[in-house]
Amino acid sequence: MYDNICKFIAENFADDFASWLLGTNSIILTELSPTELSLEPIRADALILRQAEDLVLHAEFQTAADARIPFRMADYRLRVYRRFPSKEMRQVVIYLRETGSDLVRQNAFVLTRTRHEFDVIRLWEQPAAMFLSAPGLLPFAVLSQTADPVGVLTQVASAIAEIPDRRIQSNLMASASILAGLVLETDVITRILRGDIMQESVIYQDILQEGREKGLQQGLQQGLQQGLQQGLQQGLQQGLQEGIQEGMQLAKEELARNLLRENMTIEQVVRLTGLSLEIVQGLVEN
């Protein structure tokens, strides 16, 4: 989920993103698909490829240390050179969650007589003020260098509340809520960020839809299997009926789990899903 949020921010707030990583927002960046680089893309948490007339920006968000990062950066550099030999390239790996691993300090791929360097940003070492200066960077502020993440998140909430566009408000509120889960407890986040605004965001709606689809699919599969095992028409009919009912229950429970993961309170989840308080509490405990 964190990688999707970061990619969403980079795509929808491209100017703020470019200003942060390139030091300017005067460069117009357009999407560069990995398929344009002739090879299948290597799996990345959140791969961002953007290009301008004479520049390619390659950024990756990482929630955890990964020993494969140096090779991946070198590989993409060669791919871009093969496709655009005259373009400069800026490569940066952005680590979200603080860790003591030395891997997050590696900024070069070294192989015998070959060396390729790239930039690394560890958010917990960056000043919070940097992310409070632009709307598209606000969700990252709570992950920055601060002794008071609660205070920073409060500033983020105030800044988002001043944005006149309700759609932008809701998307930033939801993004900030999810990323804040890396450093703060759920009850703290829900106390600071407005849940009613978050529910209007496309991110929130995606979470709901994912929960519905996953729950219904599991339920229908289980119901069909149960019906076939019982045999003939009676078994199939009964199994499918029970499966559909159970599927709806599973869908509600899956939806509840997703909402809980995204920092909704138990009371809000009960109200939105129709599940009993006991069931939702059980989902929290499990």
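Quick notes
- Count of residues meeting criterion [within 15 Å of Ser133 (Cα to Cα), surrounded by fewer than 17 Cβ atoms within 10 Å (Cβ to Cβ) and hydrophobic (A, V, I, L, M, F, W, C)] in segment 1-38: 0
- Arg83, sole failed condition from (1) at pLDDT below 95; (2) surrounded by 19 or more Cβ atoms within 10 Å (Cβ to Cβ); (3) touching an Asp or Glu at 6+ places or on another chain (Cβ under 8 Å): (2)
- Across segment 142-198, the number of residues qualifying as open to solvent by 10 Å² or more (accessible area, probe 1.4 Å), within 20 Å of Glu125 (Cβ to Cβ), among the β-branched types (Val, Ile, Thr) and under 18 Å from the mean Cα position of the chain (by Cα) comes to 1.
Here is a yes/no grid of residues against (1) among the β-branched types (Val, Ile, Thr); (2) surrounded by fewer than 19 Cβ atoms within 10 Å (Cβ to Cβ); (3) farther than 30 Å from Ser170 by Cβ:
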{"residue": "Arg72", "(1), (2), (3)": "no, no, yes"}
{"residue": "Glu88", "(1), (2), (3)": "no, yes, yes"}
{"residue": "Val92", "(1), (2), (3)": "yes, no, no"}
{"residue": "Asn107", "(1), (2), (3)": "no, yes, yes"}
{"residue": "Met130", "(1), (2), (3)": "no, yes, no"}
{"residue": "Gly136", "(1), (2), (3)": "no, no, no"}
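The values are calculated or read from the model by the stated rules, or taken from the named source; none is laboratory data. Just so you know, these numbers come straight off a predicted model, no measurement behind them. Cβ atoms come from the backbone with ideal geometry, glycine included; neighbour counts cover every protein chain shown. To get the accessible areas, we keep the full protein, side chains included, count just its heavy atoms, and leave off ligands, DNA and RNA. Shrake-Rupley method; radii C 1.70, N 1.55, O 1.52, S 1.80 Å.
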